[in-house]
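Visitor: Just passing along the structure, written as structure tokens.
Laboratory data are not the source of any read-out in this text; all were calculated from the coordinates shown. Keep in mind that this is a model prediction, so the values were computed, not measured. Cβ placement follows ideal geometry from the backbone for every residue including glycine, while neighbour counts extend to all protein chains displayed.
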Amino acid sequence: MNMYNFLTQPTLPGTHALPPLPYPYGALAPVLDEQTLRIHHDKHHQKYVDDLNKTELALQAARKNGDSSNIQALLDKLAFNGGGHILHSIYWTVMAPTGTGGEPQIQTAQKINEAFGTFADFLKEFTNAAGEVEGSGWCVLGWNPAFGRLDILQCEKHQNLALWGVIPVLVCDVWEHAYYLDYQNRRPDYIAAWERLINWVEVERRLILAQSGKLPLTV
Ligand code: MN3
């Protein structure tokens, strides 16, 4: 059973770290090969972490100096890189080698049925939403504490089209860097294959945590 690392104090500016992959780099092949995982995790996700840290330190310095001249650009970078770090951290944990992720668990199945009708209805909507994200972005299934239900959201880049308060519990990265080496322009093929990697046991844990307001970045 995974042990979550819950925050006991605020993360200090500039101290975010890349969480380790919870499985070997080659574990998701042939759906996603080792090279894709290495570049995606070690290069792309690392860059979001680095840029988030730089942005936070720049914000801290700007506050100290009373300098608001760059505030718009810094807050834009905070949302972009912070969003990228959070979504990638979730993404790694909600995949598992094919055949090991189980089926939707009790709470997940119940909330999916309440929100979407049946699991098949949910999967169809999620697949279509992921396929039709404009440009680079994500498809997100999240717990909406304001409305007491699961919602499917599209996300452009790492931050646009978010709905306030929704806590992601299942995220599919549809930036080309997530799938191009394996699928080139065939995003629908990637999405269909990716859905067979979903770690439903982890999604269930995340849903239960989300319902109590928690969003762990590492397991
Ligand atoms: Mn990515």
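Visitor: If r is the Cβ-Cβ distance from Ile208 to Asn185 and R0 is 45 Å, what FRET efficiency results, to the nearest 0.05?
Guide: 0.75
Visitor: Using 0.36 nm per residue, how much length does the chain from Lys157 to Gln35 gain when fully extended, once their Cα-Cα distance is taken away?
Guide: So the extension gain works out to 41.7 nm.
Visitor: Round to the nearest 10 and give me the degree value, 0 to 90, for the angle of helix 106-116's Cα axis relative to the longest principal axis of the chain.
Guide: The helix 106-116 is inclined about 90 degrees to the chain.
Visitor: Among all the aspartates and glutamates, which ones have a C-alpha under 14 Å from Lys214's C-alpha, if same-chain residues fewer than 8 places away are not counted?
Guide: Of all the aspartates and glutamates, those that pass the test against Lys214 - Cα under 14 Å, at least 8 places apart if same chain - are Glu202, Glu204.
Visitor: A follow-up question, please. Need one number: convex hull volume per residue for the chain, Cα atoms only, in Å³.
Guide: It comes to 125 Å³ per residue, whole-number rounded.
Visitor: For every other residue with a beta carbon closer than 14 angstrom to the beta carbon of Asp182, add +1 if it is Lys or Arg and -1 if Asp or Glu, then tell me the sum.
Guide: Surrounding charge for Asp182 is -1.
Visitor: Roughly how many debye, to the nearest 20, is the charge dipole of the chain about its Cα centre, given +1 on each Lys and Arg Cβ, -1 on each Asp and Glu Cβ, and no other charges?
Guide: 540 debye
Visitor: For a quick check of your reading of the filter: which chymotrypsin sites (Phe, Trp or Tyr not before Pro) in the stretch 117-168 sit in a DSSP loop and have no more than 14 other Cβ atoms within 10 Å?
Guide: Phe147, Trp164
Visitor: Further question on the same structure: For every helix of n ≥ 4 consecutive DSSP H residues, a contribution of -39,500 (n - 2.57) applies; sum these over the chain, divide by its total residues, and give [θ] at 222 nm rounded to the nearest 500 deg cm²/dmol.
Guide: -14000 deg cm²/dmol
Visitor: Something else now. Give me the number: length gained by fully extending Glu132 to Arg149, i.e. 0.36 nm times residue separation minus the C-alpha to C-alpha distance, one decimal in nm.
Guide: Roughly 3.8 nm would be gained on extension.
Visitor: Something else: Would you list which lysines come within 27 Å of Lys64, measuring only between C-alpha atoms, while excluding same-chain residues fewer than 8 positions from it?
Guide: Lys47, Lys54, Lys77
Visitor: Taking the Cα atoms only, what angle lies between the long axis of helix 46-65 and the longest principal axis of the chain, rounded to 10 degrees?
Guide: 30 degrees
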